[in-house]
Structure formats: C-alpha cells, structure tokens
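Here the structure comes first, spelled out in structure tokens, and everything after it is commentary.
The values are calculated or read from the model by the stated rules, or taken from the named source; none is laboratory data. Since the model is a prediction, treat every value here as computed from it, not as a measurement. Neighbour counts are summed over all protein chains in view; Cβ atoms, including those assigned to glycine, are modelled from backbone coordinates with ideal geometry. Please note that ligands, DNA and RNA were not included when accessible areas were found on the heavy atoms of the full protein model with its side chains. Shrake-Rupley method; radii C 1.70, N 1.55, O 1.52, S 1.80 Å.
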Amino acid sequence: MPNYIAFSWEQNVLSLLAAKVQGTTAYFEQLEVFPKQLPENAGTDAAPLAERVAEYIRSKKLTKVDAVVLLGRADVEVRSMFFPPVPPDELPELVRFQAAREFNNYDPDSLLDFFQTNKLEDVSRSTLFPSLPTVRGPQRQTKQPDKTTVPAGSPKHILASVLRSDVLKQIQHFCTDINVHLKRIVLRPCETAFLFRQSKQFNPVKTTLLVELDSEETVQTVLFRGEPVFIRSPKIHCPDDITGADFAARLVAELKRTRIAVRNEIQGVTVDDIVLCGAGKSFETLASQIAAGMETAVQIFDPWDNIPLSGELAKQTLAKSAKHPERFAPFIGTIERLAKNAAGDIDFLSPKRKPEPVGQRQFLNAVIATAILLLVCIAGIGFYTRSALTNEVKTLSNQRTSLDRTVKTVNVDKAQLKAIEEWQSDKIDWFGELGWLSKTAPNSRDMIVTELTLGANRGGQMGLKTLVRDSSVVSPMEERFRDDKHDVKTGEKGEVKGGNPMYGFRFDLSIGVPQSKASGKN
C-alpha cells in the first residue's frame with residue numbers, strides 16, 4: 001500500500017502522485033490529475049475538489065499516508081540574499097530580519113525558510129565581497145575546510161522563501177478534508193533539481209540551466225555544481241504543440257534574460273548548458289530550436305527514466321496516465337528525497353531556526369557525562385597507549401596534509417590581494433567614468449551594451465560589446481567616445497544574424513584612460 005502522496009495545484013488542475021517506500025527505494029503506483037472546476041453539465045458529479053480527491057483516496061486505499069505539498073514559484077516569494085561572514089547559528093535570525101525589509105508579502109506570521117548555497121565559496125569570496133579586510137597577525141594552524149561547504153569565515157549567499165500564513169491555513173484545511181497527514185511543504189524547482197542530481201546526466205562541474213514547462217509558466221532553475229542558486233518563472237503559456245516556432249522564440253527570449261540575470265546577480269557564474277525536462281520527439285524538436293537560438297548545448301532529461309513503477313502505473317503507459325508526464329518531475333524528486341531521508345532545501349514545515357539554548361539540567365547532564373567519560377579514559381589509558389600513539393601519528397600526518405593544502409589556499413589569497421592592490425593603486429574614478437559613458441553613449445534606439453568590462457593596469461580601460469542599429473552608427477559613436485581624456489580602440493564588428501531585428505550590427509571597442517589622467521579627477 002502506498003505510504004506517500006505528493007500533490008500540487010496548478011491554475012486549473014490538482015495533480016497527485018502516490019508511491020510506497022521500501023528501504024531507500026520508492027515505487028510509484030498511482031497518478032491522477034483532477035480539474036478544479038467540472039463543467040456545468042456534470043450534474044450531481046460536480047462535487048467540490050476536496051470531496052473528489054477524498055473519494056479518490058478512499059477508493060485507492062491511500063488512507064494513513066504522509067502528504068507532501070509542492071508549491072510553484074508563483075505561490076511563494078523567493079529572493080537571493082547576501083551576508084558577510086557570520087556564524088551559522090546567527091543566520092536564521094539575520095535572514096528573518098532582512099526578510100522583513102526585502103519581501104513584499106512578509107508578515108510576522110509568515111513561514112520563512114532558506115538554504116545556503118554551499119558551493120559558491122570561490123565565487124562569493126572573489127566577487128561578492130572583494131574588499132574584506134585581511135586578518136593581520138601570526139599565522140595559525142587551521143583545519144582545511146571541506147570544499148563541499150562554505151567555511152564560517154566566508155560570505156553567505158542565501159536563497160530564502162516566504163509562505164503567507166493564510167496560504168498555509170488553506171493547505172492545512174485541504175489536507176484535513178482529504179484525511180492525510182501533512183509532512184512537508186516544499187518548492188517544485190528544488191525537488192526537480194534534486195531528481196536531476198541523482199541522474200547520470202548530472203555533471204557536477206557544469207553550471208546548468210534546468211527548464212520545466214508548465215501550463216502557465218516556465219520554471220528556470222540555475223544549478224551551480226548541482227545547487228539551485230537562481231530561480232525564475234516567467235509567465236509563458238505552454239501549448240499542447242510545443243514545436244511551434246512562436247513558442248520556441250518566446251522561450252529562447254526568456255532563457256536569454258535568465259542567463260543575463262544570473263550573470264549580473266552572481267558574478268562569476270555563467271550558464272554552461274541547458275537541460276530541458278521532458279521526453280519524446282516534440283521535446284527533441286524544441287531542444288534543437290533552443291540550441292539554435294541560444295547557441296548553447298541542450299540536452300533532454302526524462303524524469304521517468306529508470307524510475308521503479310508498480311501498481312496501476314506498471315500496467316499502462318505514462319502517456320495514458322497523464323497528458324504531460326514530464327510535469328511530475330518535482331513529485332518524483334520529493335518522494336525520492338523522502339525515501340533517502342535527505343533534508344530538503346526548502347521545507348516550510350521545518351524551517352531553519354536558531355538552536356535552542358542549553359538548559360541548566362542539560363548542562364549538568366553534560367558535565368556528569370563528561371566526568372564519567374574522563375574516568376573511563378583515565379582507567380583505560382594504560383591499555384590504549386599504543387593505540388593512542390598510532391592515532392597521534394595519523395593525526396600529525398593529516399595535519400601536515402592539511403597544512404600543505406592551506407599553503408596553496410594562502411598563495412591564491414595573496415595573488416587575489418595583489419590584484420586588488422594593483423586595481424586600487426591606479427586611483428581611477430570609476431563612478432565618474434561610468435557617468436561620462438552613460439551621458440556620451442548614443443540612445444537605446446541606436447545602440448545597446450551587451451557586456452561591459454572594467455580593467456586597471458597602469459591606467460583604466462573599459463571594454464564594450466554593443467549591438468547597434470546598423471553600421472552607419474559605428475563611426476559617429478567612435479567620435480563621441482574619443483576626446484582628450486579617452487583613447488578609443490576598435491575591436492571586432494560585423495552583422496548579427498538571428499538576433500534582435502532592431503540591432504543588426506555588433507561592434508566591440510575599448511576606451512582607455514592613460515595613467516597620468518586616471519590618477520586625477522575626470
């Protein structure tokens with residue numbers, strides 16, 4: 001008998017997936033889609049949604065099961081937050097304090113949960129907080145931090161989400177009406193990301209843009225070394241025929257916006273490939289259209305591949321069970337996570353909180369336990385002397401290995417610090433230069449800037465990659481940028497095919513500020 005169900009509301013339907021767990025393996029048995037509103041000619045069968053779902057659960061003998069509710073990006077508010085190095089115990093209070101300022105739908109009764117993107121250590125240290133002071137003083141021997149987690153002394157990149165209290169009450173009432181035990185409330189994009197990480201297609205080195213097609217929105221999740229670091233869900237109606245050129249063009253436009261947005265929000269993170277959640281010829285056709293429009297590799301991820309099926313699902317094809325089986329990827333992911341007893345990224349029923357203070361009785365128990373442990377150690381020290389010496393040799397060997405790794409890390413930090421000092425030594429008024437660039441540049445009808453880089457090495461240099469209306473704009477634009485304080489060098493240029501028809505010509509140039517002029521006011 002299944003012991004887990006996962007369900008989610010879309011605009012017009014409620015989708016449900018039931019499974020049973022044996023050991024750490026989940027076997028998926030039943031799948032159903034309920035329309036929220038039945039047609040008027042349904043007569044006496046047009047019962048409320050909760051009654052129809054409750055009757056289905058009774059008929060399929062799904063009673064006494066745990067339920068997981070999956071919320072879409074439109075149901076909650078998700079925001080990125082950045083914090084300086086703080087102890088992990090202080091993060092929950094800091095996130096809640098900051099949420100009161102940044103979230104539009106936040107109130108004191110709202111449920112808030114977050115997760116820290118542990119794989120962003122190098123990116124965060126080098127770009128998010130580049131001006132952190134260097135600690136002076138004698139060197140200390142410290143344990144090399146685990147590369148899979150961010151050490152306590154690194155900046156924190158957080159993805160936080162808020163669920164309004166009234167929405168929580170609606171979910172609780174619905175679970176009571178259908179007679180199930182509510183176990184978790186999670187985010188769909190995070191659960192799909194978990195499922196993708198379990199597949200053979202997952203490459204931990206690449207930054208992947210995971211795309212899910214829904215009825216009214218397209219969920220786009222950027223995975224940096226497998227962790228969700230950016231979530232965006234633009235409103236795009238997904239037609240039954242996804243191979244149309246119009247739909248592909250709209251989807252490609254939104255994917256480009258997502259790629260630009262994540263690159264602007266988290267410097268150093270760029271999308272390497274795109275993964276489209278689905279299966280079949282129509283998705284293969286759509287993938288080829290996306291690859292042509294994005295000029296990026298696109299692969300197909302079938303969420304039902306190698307998934308154990310039993311019961312009704314094993315007796316018929318997925319196409320007969322659901323019109324869009326690929327939309328059940330987050331359902332599979334959340335039940336697989338429960339089967340493996342893995343903690344969720346976002347779980348509104350078990351949000352991350354500050355640890356409870358240790359009470360006096362607990363403190364006394366700890367003291368007594370420590371005293372007993374010391375007595376046992378003293379009594380047995382004679383029998384374990386040889387073992388202790390062996391362990392000491394191993395410990396010293398591990399410390400030596402750790403110190404060798406620390407030396408490499410220190411050398412990298414020194415190189416970064418030297419680069420920062422060289423940048424600061426030029427004393428360039430970058431804000432003034434950017435203001436001059438904004439005033440001097442042609443209007444947006446003639447030119448848009450797709451990439452701007454700033455460099456300083458014995459003088460300042462601004463690199464621009466632009467798209468212009470046509471080639472006639474290039475020469476006047478060069479003359480506008482060239483004056484007695486700025487040197488202009490022309491880069492690559494040429495026509496753009498398959499892009500925005502308003503800007504059919506690309507033009508790269510660099511604007512230099514000599515050192516003698518950069519050191520003063522511009």
Condition met for LEU434 (within 19 Å of SER510 (Cβ to Cβ), among the hydrophobic types (A, V, I, L, M, F, W, C) and either open to solvent by less than 60 Å² (accessible area, probe 1.4 Å) or within 34 Å of the chain's Cα centre (by Cα) (or both)):
yes
If you take the residues of the range 74-87 that are open to solvent by 60 Å² or more (accessible area, probe 1.4 Å) and touching a strand residue (DSSP E or B) at 6+ places or on another chain (Cβ under 8 Å), which of them is modelled with the highest pLDDT?
ARG79
Index of the failed condition, VAL473 passing every other in (1) closer than 30 Å to GLU295 by Cα; (2) surrounded by 17 or more Cβ atoms within 10 Å (Cβ to Cβ); (3) modelled with pLDDT of 85 or more:
(3)
Test for GLY435: is it of a type in the set (Gly, Ala, Ser) and assigned to a strand (DSSP E or B):
no
Pairs only if they're at least six apart or on different chains, beta carbon under 9 angstrom, first in the range 54-80 and touching a residue at least 60 places away in the same chain (Cβ under 8 Å) and more than 19 Å from ILE178 (Cβ to Cβ), second of a type in the set (D, E, K, R) and open to solvent by less than 40 Å² (accessible area, probe 1.4 Å); list them, first residue then second.
GLY72/GLU10; GLY72/ARG188; GLY72/ASP214; GLY72/GLU217; ARG73/ARG188; ARG73/GLU217; ALA74/GLU217
Which ones in the range 218-261 are in contact with a Pro (Cβ under 9 Å, 6 or more places away or on another chain) and either polar (S, T, N, Q) or assigned to a loop (DSSP other than H, G, I, E, B) (or both)?
THR218, GLN220, THR221, ARG225, GLY226, SER233, THR258
Scanning for something of a type in the set (Gly, Ala, Ser), on the phi > 0 side of the Ramachandran plot and within 19 Å of the chain's Cα centre (by Cα), does the range 230-240 turn up at least one residue?
no
Inspect all residues belonging to the range 350-366 and state whether any of them is touching a Lys or Arg at 6+ places or on another chain (Cβ under 7 Å), over 21 Å from PRO239 (Cα atoms), touching a residue at least 60 places away in the same chain (Cβ under 8 Å) and not in a helix (DSSP H, G or I).
no
Within the range 454-470, residues in a strand (DSSP E or B) and either touching a residue at least 12 places away in the same chain (Cβ under 8 Å) or open to solvent by 70 Å² or more (accessible area, probe 1.4 Å) (or both) come out as LEU454, ALA456, GLY459, GLY460, GLN461, MET462, GLY463, LEU464, LYS465, THR466, LEU467, VAL468
Boolean, LEU373 is at pLDDT below 85, among the hydrophobic types (A, V, I, L, M, F, W, C) and open to solvent by 70 Å² or more (accessible area, probe 1.4 Å)
no
Picked from the range 199-243 (must be under 15 Å from LEU159 (Cβ atoms) and hydroxyl-bearing (Ser, Thr, Tyr)), the residue modelled with the highest pLDDT is THR221
Of the conditions (1) in a helix (DSSP H, G or I); (2) at pLDDT 85 or above, the single one that VAL449 does not satisfy is (1)
Between residues in the range 286-310 that are under 16 Å from ALA253 (Cα atoms) and residues that are part of a loop (DSSP other than H, G, I, E, B) and open to solvent by 60 Å² or more (accessible area, probe 1.4 Å), which pairs lie under 7 Å by C-beta distance while being six or more apart or on different chains?
ALA291/ALA297
Given the residues ALA456, ALA388, which is the only one that is out of contact with any Phe, Trp or Tyr (no Cβ under 6 Å at 6 or more places or on another chain) and over 30 Å from SER472 (Cα atoms)?
ALA388
Residues that are more than 30 Å from ARG250 (Cα to Cα), among the charged types (D, E, K, R) and not in a loop (DSSP other than H, G, I, E, B), drawn from the range 471-502
GLU478, GLU479, ARG480, ASP483, ASP487, LYS489
TRP423 vs (1) at pLDDT 85 or above; (2) in contact with a strand residue (DSSP E or B) (Cβ under 6 Å, 6 or more places away or on another chain); (3) assigned to a helix (DSSP H, G or I): all pass except (1)
Is it the case that ALA292 is open to solvent by 20 Å² or more (accessible area, probe 1.4 Å), touching a strand residue (DSSP E or B) at 6+ places or on another chain (Cβ under 7 Å) and either assigned to a helix (DSSP H, G or I) or among the basic types (Lys, Arg) (or both)?
no
Go through the residues of the range 425-441 one by one and say whether even a single one is among the charged types (D, E, K, R), out of contact with any helix residue (DSSP H, G or I) (no Cβ under 9 Å at 6 or more places or on another chain) and touching a residue at least 24 places away in the same chain (Cβ under 8 Å).
no
Somewhere in the range 183-194, is a residue aromatic (Phe, Trp, Tyr), within 21 Å of PRO303 (Cα to Cα) and either open to solvent by 50 Å² or more (accessible area, probe 1.4 Å) or in a loop (DSSP other than H, G, I, E, B) (or both)?
no
